[in-house]
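Asker: Pasting a structure here, questions to come.
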Amino acid sequence: MRLILTKPLIVFDLETTGVNPSKDKIVELFMIKIFPDGSRKDLYQKFNPEIPIPKEVTAIHGITDADVANEPTFKHKAHQILEFITNCDFGGFNSNKFDFPMLIEEFYRAEIDFDTTKCKFVDAQRIFHQMEPRNLSAAYKFYCSKELNNAHSAKADTEATWEIINAQIDRYEQLEPSVEFIHKHTMQSNLVDLAGRFVYNEQKLAVFNFGKHKGKLVAQVFQSDPGYYDWMMQGDFSLQTKKVLTKLRLNSKNL
């Protein structure tokens, strides 16, 4: 059995300069665009991040400053990538917490406002950790009975992830083969922003998910501690989180 698609699904992986979306940049991207009829298109690109790649990061993915010195920046290719992924859902391995927020942050830096509200997400790592806590290489061996060669290359990790997602659908009867079901099953729909700084409570109202106001309604905090908004806007939070924060503040003023 394969995952049933109602619109194209982008399965992708990124290699980056680090793990902080607000500071780090993408250096390699590989995407598989799977259509509902089972056909696919691929997109591969390396980028010049315009910042040094730390040696300890190069030791993981093997990409050096010299490798990307003559590559285009993400901003230069942003509209081409946007065209490729528009009106799609997304899949990956740890993509809910890392790859997708990093991708959206790069779009914001390129002054492109990508609307995430209609996207659904299939994160193979979330399923894996719920069912069989391991890493990508172990997941590939467990679900597909294969060794993952060239781990930490975007192409190898992406190809493995797409195989894992479909193997998970076959293994677990409780998983319906639809993007919408898995999106809800892995609780991506509970997030207000991609980083999970805000989540929806049982009443579908936004609450803080970190810090001294954790669990409190965002609208109430804006009234009781108005300086908290300014603190977050000046802090080391992603552009996407700050955009959502501003939208929440505007909505609270209209209540």
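Residues checked against (1) touching a Phe, Trp or Tyr at 6+ places or on another chain (Cβ under 9 Å); (2) under 20 Å from Ile165 (Cβ atoms); (3) modelled with pLDDT under 95:
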{"position": "Leu5", "(1), (2), (3)": "yes, yes, no"}
{"position": "Thr16", "(1), (2), (3)": "yes, no, no"}
{"position": "Val27", "(1), (2), (3)": "yes, no, no"}
{"position": "Asp37", "(1), (2), (3)": "no, yes, no"}
{"position": "Phe47", "(1), (2), (3)": "yes, no, no"}
{"position": "Pro52", "(1), (2), (3)": "no, no, no"}
{"position": "Phe90", "(1), (2), (3)": "yes, yes, no"}
{"position": "Phe93", "(1), (2), (3)": "yes, yes, no"}
{"position": "Asn96", "(1), (2), (3)": "yes, yes, yes"}
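Asker: Can you tell me how many residues in region 138-154 are under 27 Å from Glu106 (Cα atoms) and out of contact with any strand residue (DSSP E or B) (no Cβ under 8 Å at 6 or more places or on another chain)? Please lay out each step first, then the result.
Answerer: Going through region 138-154, the residues under 27 Å from Glu106 (Cα atoms) turn out to be 150-154.
Filter once more, keeping what is out of contact with any strand residue (DSSP E or B) (no Cβ under 8 Å at 6 or more places or on another chain): 150-151.
Qualifying residue count for the region: 2.
Asker: Of the residues Asp24, Asp67, Asp42, only one is under 18 Å from Lys97 (Cβ atoms), among the charged types (D, E, K, R) and in contact with a strand residue (DSSP E or B) (Cβ under 9 Å, 6 or more places away or on another chain); which? Quick ask: steps written out before the conclusion?
Answerer: Values: Asp67 fails: under 18 Å from Lys97 (Cβ atoms); Asp42 fails: under 18 Å from Lys97 (Cβ atoms).
Testing whether each residue is under 18 Å from Lys97 (Cβ atoms), among the charged types (D, E, K, R) and in contact with a strand residue (DSSP E or B) (Cβ under 9 Å, 6 or more places away or on another chain) leaves just Asp24.
Asker: Taking helices (runs of 4 or more DSSP H) that fall entirely within region 116-210, which contain at least 3 residues that are within 17 Å of the chain's Cα centre (by Cα)? Steps first, answer last, please.
Answerer: Values: elements: 124-131, 136-144, 154-171, 179-185.
So the answer is 124-131, 154-171, 179-185.
Asker: Another question, then. Evaluate the following for Phe84: is it touching a strand residue (DSSP E or B) at 6+ places or on another chain (Cβ under 8 Å), assigned to a helix (DSSP H, G or I), in contact (Cβ under 8 Å) with a residue 12 or more places away in the chain and farther than 25 Å from Leu136 by Cα? Outline the logic, then answer.
Answerer: Working: touching a strand residue (DSSP E or B) at 6+ places or on another chain (Cβ under 8 Å): yes; assigned to a helix (DSSP H, G or I): yes; in contact (Cβ under 8 Å) with a residue 12 or more places away in the chain: yes; farther than 25 Å from Leu136 by Cα: yes.
Yes.
Asker: Evaluate the following for Ser224: is it within 20 Å of Phe90 (Cβ to Cβ) and either surrounded by fewer than 18 Cβ atoms within 10 Å (Cβ to Cβ) or of a type in the set (S, T, N, Q) (or both)? Reasoning before the result, please.
Answerer: On the way: within 20 Å of Phe90 (Cβ to Cβ): no; either surrounded by fewer than 18 Cβ atoms within 10 Å (Cβ to Cβ) or of a type in the set (S, T, N, Q) (or both): yes.
No, not satisfied.
Asker: Next up: Of the conditions (1) under 20 Å from Val179 (Cβ atoms); (2) surrounded by 16 or more Cβ atoms within 10 Å (Cβ to Cβ), Phe35 satisfies every one except a single condition; which number is it?
Answerer: Here Phe35 clears every test but (2).
Asker: Residues of region 127-141 being in contact (Cβ under 8 Å) with a residue 12 or more places away in the chain and not polar (S, T, N, Q), which ones?
Answerer: Going through region 127-141, the residues in contact (Cβ under 8 Å) with a residue 12 or more places away in the chain turn out to be 127-128, 130-131, 136-137, 139-140.
Ile127, Phe128, Met131, Leu136, Ala139, Tyr140, listed by residue number.
Asker: If you don't mind, another one. Which residue, of Glu15, Glu28, is within 18 Å of Gln80 (Cβ to Cβ), crowded, with 19+ Cβ neighbours inside 10 Å and in contact (Cβ under 8 Å) with a residue 12 or more places away in the chain?
Answerer: Values: Glu15 fails: within 18 Å of Gln80 (Cβ to Cβ).
Step by step, each of Glu15, Glu28 is checked, and only Glu28 is within 18 Å of Gln80 (Cβ to Cβ), crowded, with 19+ Cβ neighbours inside 10 Å and in contact (Cβ under 8 Å) with a residue 12 or more places away in the chain.
Asker: Related question: Would you call Phe100 part of a strand (DSSP E or B) and at pLDDT 95 or above? Write out each step before concluding.
Answerer: On the way: part of a strand (DSSP E or B): no; at pLDDT 95 or above: yes.
No; evaluated as a whole, the condition is false for this residue.
The values are calculated or read from the model by the stated rules, or taken from the named source; none is laboratory data. This structure is a prediction, so every number in the text was calculated from the model and none was measured. All Cβ positions, even for glycine, are placed from backbone atoms using ideal geometry, and neighbour counts span all protein chains on display.
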